[in-house]
Amino acid sequence: INGPGGDMQWCFSQVKGAIDDDVAEADIISTVEFNHTGELLATGDKGGRVVIFQQEIENKSQPQFRSEYNVYSTFQSHEPEFDYLKSLEIEEKINKIRWLPQKNAAQFLLSTNDKTIKLWKISERDKRPEGYNLKEEDGRYKDPNTITSLRVPVLIPMDLMVEASPRRVFANAHTYHINSISVNSDNETYLSADDLRINLWHLEITDRSFNIVDIKPANMEELTEVITAAEFHPHQCNTFVYSSSKGTIRLCDMRASALCDKHSKLFEEPEDPSNRSFFSEIISSISDVKFSHNGRYMMTRDYLSVKIWDLNMENRPVETYQVHEYLRSKLCSLYENDCIFDKFECCWNGNDSVVMTGSYNNFFRMFDRGHRRDVTLEASRENSKPMQVLKPRKVCAGGKRKKDEISVDSLDFNKKILHTAWHPQDNIIAVATTNNLYIFQDKVN
Amino acid sequence: MSATTAMEVNAEARRILAVSISKLYASRTQRGGLRLHRSLLLSMVMRSARDIYHSSRESEAPSGPQPAPAEEPMEVGSGPGEQAELPAPQPELEPAVSPAETAEPGSAEEGCDGEFAEDKENRSPARQSRKRRGKASAAPDFLPSKRARLEPGEERYAAPLGSCRVGAGESLTALSLNRVIPAF
């Protein structure tokens, strides 16, 4: 992280998306995800489109320049739909994208909107057949009487074409809005979670799924919490966690019973009574939960903080990092302008030593767990000269504002970074502002 | 707590309640349908605000017979004594406390502030004009009133038995904020 003797210096690499300040709603980025090798980077947007970027081969003549990400494939994943029974429109916004580990030449990803999950196959075509015996060039069949010889078509090179095709559609299994999908380590099943239920699917089977968690009360008037995120353990295919709007995380073991309503572990930190306010419940709602790569920890994000939990300790997190504590005194205004409902995501770096999450004013934060350092950086067009080193930012909570600091009241709450992703191996990060995707990389490597 | 602090808390609670109601109302027209998570959080805030408002009112010195009608939407949530006087059935409060109910087509399609204003005026035995008085109101003006305007001399009858609304006899305190998301 930046700082005296700091290990990492983040530099601007690329920015994707329109420069226009007038943001089209369909262009708002709603999810960002690297694949398992980091070679591919997928984004989903509010318009239901998926854009995949591919890392190009390294530029050998200028080794300090990391390879660039260029558009590899763009496709319309989901369209708006209408539920006639309930008179409700179903948004096409892509809530989550999750990559499957690569098994063959093609790439597969799951993308989901509020109601339907789709499995997409992305494959390359760089050859085409030529010289058909029975067909003309345009595909029409020749008159058999004109055929006098036999020839076999040959495959000739062509310009690379990347095709995306929907291979499975997993529909009609969720009454409420889907907030998470997670591929199991067995590479055969995955889970999808909505506000009240979690379903287990087999990737090959679309006409049925198993309900594994159901927290819907018999009487909806007694509803006190909803599911906000869910994820499978990275190695233990029987284990998954789900977070709630009350700030709790439940770890479930699918071997224990078919319906995992009873948790194996319940992670909850007692509330600090001195922080109680009208909005305590809202800010304790967990917006994201992510296992560490090594599977020993999990991270949760609530409105003001990031918490790291040791899976062996349920009564409190092992680390807590304040993302923007200066907002605690502004909760009423943030409630009025709806910002308090923003759902920030969080992510781990490849070796689980650093965690990252977004904030307002296009700021994002990194917390170095080992060195107990943190830094605030900004994704902005002003700092987007090639390989420009990002300067750490500082927010002045009160009192005298130093030079280069920005005061809380000057923060732009319309510029929020909700989605960030970290390359699984290298120090390359993707940070989504409202409609732009920034790619930063560490200078040193 | 001191009278001033109680008043401040009271005002804050009322303001939050007003904001919450308008958010609930706005969420009915949101694309993609009512969001359960958001509705739940809104109802929790409203419940806290209502509880704080009640407790801060109780700690205040007893006020005059009529609370200031200016803060109409919030007044409906006030002490039991006043609520029992409300002759009309409870649907006025429903838009405020039932985020999912309002999502159902055919449910009470009423604006909040218009209702409360009218009920305040209903409480006096002599039926006065149903027109909203031009008082400074904390309720957002943009919330339309969708209930039929009664002509002078007309009466509004209690909802018939078996209606999906809360029965006329039920007091507002019984209409707890737990009836938040009944039939989503």
Is it true that some residue in the range A:395-418 is surrounded by 22 or more Cβ atoms within 10 Å (Cβ to Cβ), touching a Ser or Thr at 6+ places or on another chain (Cβ under 7 Å) and not basic (Lys, Arg)?
yes
Select from the range B:22-35 the residues that are surrounded by fewer than 23 Cβ atoms within 10 Å (Cβ to Cβ), at pLDDT 90 or above and not hydroxyl-bearing (Ser, Thr, Tyr) and list them in ascending order.
B:LYS23, B:ALA26, B:ARG35
Hey, can you tell me all the residues within the range B:16-32 that are out of contact with any helix residue (DSSP H, G or I) (no Cβ under 7 Å at 6 or more places or on another chain) and either facing another protein chain (nearest Cβ under 8 Å) or in a loop (DSSP other than H, G, I, E, B) (or both)?
B:THR29, B:GLN30, B:ARG31, B:GLY32
Within the range A:263-300, how many residues are away from chain B (no Cβ under 14 Å), of a type in the set (A, V, I, L, M, F, W, C), more than 15 Å from the chain's Cα centre (by Cα) and within 29 Å of A:LYS330 (Cα to Cα)?
2
Residues of the range B:36-59 classified as β-branched (Val, Ile, Thr) and modelled with pLDDT under 90, total
1
For the range A:307-359, which positions are surrounded by fewer than 20 Cβ atoms within 10 Å (Cβ to Cβ), of a type in the set (Ser, Thr, Tyr) and assigned to a helix (DSSP H, G or I)?
A:TYR326, A:SER329, A:SER333
Of those in the range A:210-243 that are within 15 Å of A:CYS260 (Cα to Cα) and charged (D, E, K, R), the residue nearest to the other protein chains (Cβ to nearest Cβ) is A:LYS216
Could you check, for the range A:29-52, whether at least one of its residues is assigned to a strand (DSSP E or B), within 14 Å of another protein chain (Cβ to nearest Cβ) and within 24 Å of B:LEU34 (Cβ to Cβ)?
yes
Considering only residues of the range A:168-199 that are surrounded by fewer than 18 Cβ atoms within 10 Å (Cβ to Cβ) and under 28 Å from A:THR224 (Cβ atoms), which is farthest from the other protein chains (Cβ to nearest Cβ)?
A:ASN172
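The values are calculated or read from the model by the stated rules, or taken from the named source; none is laboratory data. This one's a predicted model, so the numbers in the text were calculated from it and none came from an experiment. Cβ sites come from the backbone with ideal geometry, for glycine too, and all protein chains shown count toward neighbours.
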